[in-house]
Each structure stands twice: as structure tokens, then as C-alpha cells.
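Participant: Right, I'll just put the structure down here and ask away after.
The values are calculated or read from the model by the stated rules, or taken from the named source; none is laboratory data. All of these numbers come straight from a predicted model, not from anything done at the bench. Ideal geometry is used to build each Cβ from the backbone, glycine not excepted, and the neighbour counts take in all protein chains shown.
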Amino acid sequence: KQEGRGRYCHYRADLLNDQDEGQRLTKALVTSLKTAPGEFSVVYQPQFELATGRVDGLEALIRWTHPEFGPISPARFVAMAESRGMIHQLTEHLVRCILRDLWSLEKPPEPGLRFAINVSARQITDARLDGLLNPLFEQIRRLGWHPELEITETHLMNLSEDALERLRTFRDEGIRVAIDDFGTGYSSLAYLHSLPVHTIKIDRHFVSCLEDTLPVEDRDRVIAAILALAEVFGLEAIAEGIETSQQQSALLALACKRGQGYFLARPQPWSSGLLAPKKL
Ligand code: C2E
Ligand code: MG
Ligand code: MG
Ligand code: MG
């Protein structure tokens, strides 16, 4: 269609190429995970106390840059690693990169920060997870920070009893658990109540709906409802994907206490500037 009317092309070839590309990428990922640790890195996105602009959390996000394919979105390669049973290796690289950054800290900054990593639901019952995360948790605590695990809502809903038990153990050990992308899955109230979680991360879809053009009550309704839900269950709430000052003000007006997004700070490599407050 882009090329104008009355033209046709052999779409099959494109489809095959896409499929091909996917397979080549998956193969490359498997190889890189095994042999090229230098291709993996980590960036951190600060989380803010919205009223003050103070940084009160960091989320670690993995990066992969392949010499031929360039930087690949984690949304893509994390799923590939999962499907190839290699998410553990991916997390190994993540933890190694984070530890290197944390060790480089001379004096521990700002105590009380939440330090979050994303984990796949299927890792929770992996017997190797403790061995992998314990050194990280130890280091985070040494800095006076609080470890947090982010798990996507859609996956949380399908956890086995074993996995839930594991999450309860995490909770008892003082590890916080956050429901990522909240609102995209279908948590029932009863289920939400029984989950050992501390934080709800309001999916950025709802934040992007905070637009001027809708009547105020409509645009605010869903977030107001999620915040009320969090309050009822005694959970912390954080809005993700804040891209404009308008969204930030709307969230503040709704009494949303915490936020994260490009408007406040982009994910970035480790540096001393990471914890700088946002001037409001
Ligand atoms: P997520 O955990 O929901 O992370 C938030 C994603 O939104 C990140 O993308 C972040 O860069 C992006 N983001 C942050 N602020 C904004 C904003 O204001 N606007 C927009 N449009 N986007 C924003 P990223 O880094 O590409 O990660 C995508 C997803 O990949 C993550 O979603 C998470 O589910 C997964 N992921 C990333 N790192 C890891 C990891 O180490 N392990 C696992 N298992 N999954 C990971
Ligand atoms: Mg996350
Ligand atoms: Mg998220
Ligand atoms: Mg997400």
C-alpha cells in the first residue's frame, strides 16, 4: 500500500525473512549468552517521589547489543531467552553487571531506596534462583537499600502454588515483590488479596490516557480506581511511563505518590547523576 495503488508484491518472501530473522536472532542470542558476556549490559531507571522529585528507587533493565544486529529490545530477547530455556543465563549476566556497578560505589548514597529487577514468572521456582540472587540481595542491603522483584501481572495470575509459596518466602526474607504492568492482566480481587506483593506498578497505558482532551473524570477514572485498590490492600503504587509534565501533575492531583518515566528520567548507565532529584 505504501508504494501506491494497483501494485502487488510477494509478501511471503517478507514473512519468511521475518521468520528467518527471528530464528537467526534467537540463535545469536543463545551463542552470545554462552560466549559473549560483553554484549550484555544494564541500565537503571530512577523512580521518584512525585511530590518532592526525590529519587526513591531504581529499576535495573537489561540491554543486549549484538555486533551484527545492533541493540535489540529486551521485550524481544527476554521472550527468546525464555522460549529457549535460557532466562537463567540472562539473569546471570544481569546480576554480574549490577554487582560490578554496585561494587564501584565508594560511599553508599541515600538509604531506603528500592532496588528492583525484573524476573520472569518461570524463574521463581527455579532452584538456581537463590544462589543467583542472594549475593545481589546481600549487596543491595549492605547499601541500606531494599531489594524488589518485578513480575508482570499476566504471569502472576498463572503462578503455581509452589511459585506462590516461593514468593511468600521472599516476602518473609524482606524481599519486596511488585506487580509489573498492572491493569494489563485480569487480577481478580480475591486473587490480588492473596498475593504476597508490596507494590502495584500502574501500566503506562493508563498513564498515557491522562490527556487533556478527555473530560477530566473519564481520563482519571481508571488510575483513581487502581490507586483506591492499592490503598484497600495496603499496597504501594507507582505509575510507569510518565512522559509529560501534564501526566505528572494529573498523577499528583490523584494523590499518586510515586512515578517513573521518560519525563522524569530515562534508563541510563550507572553514574553518580542517577540519584539526582528532579527539579519540579
Ligand atoms: P518493564 O519492566 O515494564 O520496563 C519498563 C519499560 O518501559 C522499559 O523498557 C523502559 O525503558 C520503558 N519506559 C520507561 N519509561 C518510559 C516512558 O516514559 N515511555 C515509554 N514509552 N517507555 C518507558 P525496556 O527496557 O525496553 O524493557 C522492556 C521490558 O523488558 C521490561 O518491561 C521487562 O518486562 C523486560 N525486561 C527488561 N529487563 C529485564 C531483565 O533483566 N529481566 C527480565 N526477565 N525482563 C526484563
Ligand atoms: Mg519492570
Ligand atoms: Mg512495567
Ligand atoms: Mg512492561
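Participant: For Asp203, are the conditions met, namely being crowded, with 21+ Cβ neighbours inside 10 Å, acidic (Asp, Glu) and more than 18 Å from Asp56 (Cβ to Cβ)?
Facilitator: Yes: the conditions hold for Asp203.
Participant: Is at least one residue of segment 240-257 away from ligand 4 (no atom under 16 Å from the Cβ), touching a residue at least 24 places away in the same chain (Cβ under 8 Å) and at positive phi?
Facilitator: Looking through segment 240-257, at least one residue is away from ligand 4 (no atom under 16 Å from the Cβ), touching a residue at least 24 places away in the same chain (Cβ under 8 Å) and at positive phi.
Participant: Another question, if that's okay. Suppose the filter is in contact with a His (Cβ under 9 Å, 6 or more places away or on another chain), modelled with pLDDT of 95 or more, more than 30 Å from Asn158 (Cα to Cα) and acidic (Asp, Glu); does Glu39 pass it?
Facilitator: In short, yes.
Participant: Right, next: Quick check on my filter: what residues within segment 110-147 are β-branched (Val, Ile, Thr), more than 20 Å from Gln268 (Cα to Cα) and crowded, with 17+ Cβ neighbours inside 10 Å?
Facilitator: Ile124
Participant: Still on this model: Just checking, does segment 131-146 include any residue being in a helix (DSSP H, G or I), over 21 Å from Gly185 (Cα atoms), free of Cβ contacts under 8 Å to residues at least 60 places away in the same chain and of a type in the set (Asp, Glu)?
Facilitator: yes
Participant: Scanning segment 47-95 for residues that are within 14 Å of ligand 2 (Cβ to nearest atom) and hydrophobic (A, V, I, L, M, F, W, C), which turns out farthest from Gly22 (Cα to Cα)?
Facilitator: For segment 47-95, the residue satisfying everything is Leu58.
Participant: Then there is this: Having 3 or more residues that are away from ligand 4 (no atom under 16 Å from the Cβ), of a type outside the set (Ser, Thr, Tyr) and touching a residue at least 24 places away in the same chain (Cβ under 8 Å) is the bar; report the helices (runs of 4 or more DSSP H) wholly within segment 5-124 that clear it.
Facilitator: 11-35, 87-103
Participant: For segment 207-218, state whether one or more residues are surrounded by 14 or more Cβ atoms within 10 Å (Cβ to Cβ), free of Cβ contacts under 8 Å to residues at least 40 places away in the same chain and either of a type in the set (Lys, Arg) or more than 26 Å from Leu275 (Cβ to Cβ) (or both).
Facilitator: Scanning segment 207-218, I find at least one residue that is surrounded by 14 or more Cβ atoms within 10 Å (Cβ to Cβ), free of Cβ contacts under 8 Å to residues at least 40 places away in the same chain and either of a type in the set (Lys, Arg) or more than 26 Å from Leu275 (Cβ to Cβ) (or both), so the answer is yes.
Participant: Please determine whether any residue of segment 59-67 is closer than 21 Å to Ile242 by Cβ and touching a helix residue (DSSP H, G or I) at 6+ places or on another chain (Cβ under 7 Å).
Facilitator: Checking segment 59-67: at least one residue is closer than 21 Å to Ile242 by Cβ and touching a helix residue (DSSP H, G or I) at 6+ places or on another chain (Cβ under 7 Å).
Participant: Still on this structure: With the structure loaded, tell me whether Leu15 is modelled with pLDDT of 95 or more and either surrounded by fewer than 10 Cβ atoms within 10 Å (Cβ to Cβ) or at negative phi (or both) or whether it fails that test.
Facilitator: So Leu15 does not fit the description; no.
Participant: Same structure again: So Arg168 clears everything in (1) surrounded by fewer than 19 Cβ atoms within 10 Å (Cβ to Cβ); (2) under 26 Å from Leu29 (Cα atoms) except one condition, right? Which one?
Facilitator: So Arg168 meets the others, but not (2).
Participant: Let me ask something else about it. Mind telling me which of the residues Ile238, Ile226, Ile242 ends up being within 27 Å of Leu195 (Cα to Cα), at pLDDT below 95 and either within 21 Å of the chain's Cα centre (by Cα) or not in a helix (DSSP H, G or I) (or both)?
Facilitator: One residue alone meets the criteria, Ile226.
Participant: Also, quick follow-up: How many residues does segment 252-272 hold that are in a helix (DSSP H, G or I) and either within 28 Å of Ser104 (Cα to Cα) or within 15 Å of ligand 2 (Cβ to nearest atom) (or both)?
Facilitator: 1
Participant: Moving on to the next point. Being touching a Phe, Trp or Tyr at 6+ places or on another chain (Cβ under 6 Å) and surrounded by fewer than 20 Cβ atoms within 10 Å (Cβ to Cβ) is the filter here; which residues of segment 235-273 pass it?
Facilitator: Listed by number, the residues that qualify are Glu243, Thr244.
Participant: Here's another thing I want to ask about it. Kindly evaluate Phe69 against the criterion of being surrounded by 14 or more Cβ atoms within 10 Å (Cβ to Cβ) and within 29 Å of Leu113 (Cβ to Cβ).
Facilitator: no
Participant: What's the total number of residues in segment 86-109 that are modelled with pLDDT under 95 and surrounded by fewer than 13 Cβ atoms within 10 Å (Cβ to Cβ)?
Facilitator: Of the residues in segment 86-109, 5 are modelled with pLDDT under 95 and surrounded by fewer than 13 Cβ atoms within 10 Å (Cβ to Cβ).
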